[in-house]
Amino acid sequence: MASKLFITKSFDSIDQEQKNSQLKRVLGPWQLTALGVGGTIGTGIFVLTGLEAALHAGPAIAISFIIAGIGCLFAGLCYAEFAAMAPVSGSAYTYSYATLGEFAAWFIGWDLLLEYMFAAGTVAVGWSRYFTTFLDYFGIVLPAQFTSAPFASTDGLSIVLTGGILNVPATVISLLVTYICYIGINQTSLFNSVVVVLKVAVICAVIGFGVFFIDVANWTPFIPENTGVWGEFGWSGILRASGVIFFAYIGFDAVSTAAQEAKKPSFDLPFGLLMGLFICTVLYILMSATLTGMVSYTQLNDAAPVAVALREHAALQWLIPFVVFGALAGLTSVVLVLIMAQARILLAMARDGLLPPMFAKVHPKYRTPGFATWVTGIVASVMAGLFPIGILAELVSIGTLVAFIMVCASVLVLRYTRPDMPRPFRTPYPWFVCLAGVFFCGMMALSLPLDTWLRLIIWMLVGICVYYFYGRHHSVARKELRE
């Protein structure tokens, strides 16, 4: 029994999956870069930058983004090697299956379910906040009980009622985006590329105009003194913020889930992963420095912090409608990329027999994993409608960090177990890069609060039960071993 837990999926079978794929190969390097930017530039800039600056890091939120970016760079180099070697849907799940074995793959696959579905819900909540701001300009005020989650957490563990009924805008946008993902990858890619251009233009405008309104006094003290509580300012606050905003980098992981839709995966995937990561990291650092320079970080505790900063300067208020529109467009593209990515991970797990076969069905007309897409979208819409952004963001961050740790470890393992395997892209200095990736991601994961770890443990225990009662009995790899 124990040995079967570590049964690996051969790269020959992965290669066969690539050849037999029913998905359309239509994405080039810049489309994949746009996919990464589309999935990355969103909640991190438009929502979490302000919240984490106000609650944990102060102006040093820029350092938090640098720490998160370094961790992502190491993980991104590892992802690039795997994505070029195994250009199939599944992301870290597939990579772990080929190196660390079936149980590790199930563990990371189940973790990715948490990561993507909750991430889509998190972004949809941020979208809802900007949508209500947008309506305010036209004098339209939605009832608070239909724009806020009915549940909240006061101490991190207990759940309390807020008086809200359902966050309707967050629920609706999740379902609309799910439909776009359902009808085809071409439509998804085109929509995403247009939106990426819009939101990057808006971000550059805020940075370009906002830099003239920076007051260096707002950066003093750059690292606010710790309150005596771990994670509330000081260096522990910087680490805590880096762990939460790591969620902002989830988009580059989504690039690897589109591997079977890349035209030349051995080149296009590493290019899209690393170029998208570079662009996003630069924009995150510049934007966080600009916002905290324009206003005191204490004023940014709002789900629409960019709009808050612009309101403080009369000469910049003309930008607010454009920012709100750019945020809406940007957050929409993030939800789109996350739902698209999650559906393809469900597809990969179902093809391996670890989930029911209906998740592996590809729509005969649209050539997308239709059932998996709708399940992902519906769950995301429920999460977005019922829960606040804080709980969702921390859950997503810890899921993302665990996934990245597994990928970094897998690359190092494979260098010793399969040293002669063709590698179209090779991670440089693997001993350093892989271990540094594990260290940085592990450090950020440990900085997250205990209640987030408890929720992760509960989620993983549920996953172990699903694997024990279903996955191990239907595993394709185990069936092949018996034959």
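The numbers here are math on the coordinates, done by the rules we state, and not lab data. Here the structure is a predicted model, which is why all the values come from computation and not from measurement. Here the Cβ positions follow ideal geometry from the backbone for every residue, glycine too, while neighbour counts run over all protein chains shown.
Sorted fewest first by neighbouring Cβ atoms within 10 angstrom, Leu461, Leu135 come out as Leu461, Leu135. The fewest-to-most ranking of Trp235, Trp110 by surrounding Cβ atoms within 10 Å reads Trp235, Trp110. Extension gain for Lys263 to Ile165 (0.36 nm times residue separation, less C-alpha to C-alpha distance): 30.7 nm.
Subtracting the Cα-Cα distance of Gln317 and Ile7 from 0.36 nm times their residue separation leaves 105.7 nm of extension gain. Exposure proxy for His474, His56: other Cβ atoms within 10 Å of each Cβ, ordered fewest to most, give His474, His56. At q = 0.07, 0.09 Å⁻¹ the log10 of I(q)/I(0) for the range 27-482 amounts to -0.31, -0.53, computed by Debye summation with a single uniform scatterer per C-alpha, solvent ignored.
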